[in-house]
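K.L.:
My questions will all concern the structure given below.
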Amino acid sequence: MKAVFELKNFEQLSKLQDSIKALPNVAEKVINEYLHNVATEYTMNLIKQEMPTSKPRKKNYKGQPKTYAKESDSLQTKNTNLGFIVMTTNPFYYLVFPALGVGNSVDKTPNDFMNRGINKAIPKIAQDLQENLKKEMEDKLK
């Protein structure tokens with residue numbers, strides 16, 4: 001299960017184009033640095049807020065406490081150029097079932113929590129990118 005964030009895929013790119021043109025050799029580095037260090041953590045937190053949790057059960061499975069993906073390190077990121085991919089970690093691959101509405105989630109509406117989390121993150125990411133590029137331009141002019 002994964003969700004992809006790429007700079008080329010969202011509308012706010014048009015707002016960033018002027019800043020990118022003003023910093024032709026530096027903009028890519030500034031954008032990647034922000035996306036890979038700050039935006040990934042922010043996006044993972046928003047995705048976790050959107051994650052479903054199952055109903056608490058009375059019995060633990062094989063005597064082990066129930067760990068919810070929402071409360072664990074259930075997501076990891078893979079960095080790409082001008083983007084990143086958020087994926088579930090190995091023990092939490094089961095999150096595909098509620099997301100697609102399959103398995104025990106049959107007859108339920110698919111819960112696309114990963115894309116909802118990314119879509120919630122886009123406005124702040126775009127604003128922060130704009131500010132970072134503007135700051136870099138100001139630093140270049142000094």
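The values are calculated or read from the model by the stated rules, or taken from the named source; none is laboratory data. These figures come from a predicted structure and were not determined experimentally. Heads up, the Cβs are rebuilt from the backbone with ideal geometry, glycines too, and the neighbour counts pull from every protein chain shown.
K.L.:
Considering only residues of the stretch 61-97 that are at pLDDT below 90 and of a type in the set (Lys, Arg), which is farthest from Gln17 (Cα to Cα)?
P.N.:
Filtering first and then ranking leaves Lys62.
K.L.:
Could you check, for the stretch 74-89, whether at least one of its residues is over 16 Å from Val38 (Cβ atoms), of a type outside the set (Val, Ile, Thr) and part of a helix (DSSP H, G or I)?
P.N.:
no
K.L.:
Met44 - would you say it is modelled with pLDDT under 90 and either basic (Lys, Arg) or closer than 30 Å to Ser19 by Cβ (or both)?
P.N.:
On the way: modelled with pLDDT under 90: no; either basic (Lys, Arg) or closer than 30 Å to Ser19 by Cβ (or both): yes.
No: the conditions fail for Met44.
K.L.:
Which of the residues belonging to the stretch 76-98 are touching a residue at least 60 places away in the same chain (Cβ under 8 Å) and polar (S, T, N, Q)? Write out each step before concluding.
P.N.:
Residues of the stretch 76-98 that are touching a residue at least 60 places away in the same chain (Cβ under 8 Å), as a first pass: 80, 82-88, 93, 95-96.
Passing the criteria: Thr80, Thr88.
K.L.:
Output the number of residues of the stretch 121-137 satisfying the condition of being within 11 Å of Leu23 (Cα to Cα) and at pLDDT below 90.
P.N.:
The total comes to 1.
K.L.:
Sort through Lys29, Lys58, Lys15 and tell me the only one that's modelled with pLDDT of 85 or more, more than 23 Å from Tyr93 (Cα to Cα) and loosely packed, with under 15 Cβ neighbours inside 10 Å. Working first, answer last.
P.N.:
Values: Lys58 fails: modelled with pLDDT of 85 or more; Lys15 fails: modelled with pLDDT of 85 or more.
Criteria check complete, one pass: Lys29.
K.L.:
If you don't mind, there's one more thing I want to ask. Which one is farthest from Val4 (Cα to Cα), of the residues in the stretch 101-114 that are modelled with pLDDT of 75 or more and surrounded by fewer than 15 Cβ atoms within 10 Å (Cβ to Cβ)?
P.N.:
Narrowing the stretch 101-114 to residues modelled with pLDDT of 75 or more: 109-114.
Next cut, surrounded by fewer than 15 Cβ atoms within 10 Å (Cβ to Cβ) only: 109-110.
Working: Thr109: 22, Pro110: 18 Å.
Applying the filter and picking the extreme gives Thr109.
K.L.:
For Leu35, indicate whether it is farther than 15 Å from Met114 by Cα, hydrophobic (A, V, I, L, M, F, W, C) and at pLDDT below 90.
P.N.:
Numbers: farther than 15 Å from Met114 by Cα: yes; hydrophobic (A, V, I, L, M, F, W, C): yes; at pLDDT below 90: no.
Spelling it out, it is not the case that Leu35 is farther than 15 Å from Met114 by Cα, hydrophobic (A, V, I, L, M, F, W, C) and at pLDDT below 90.
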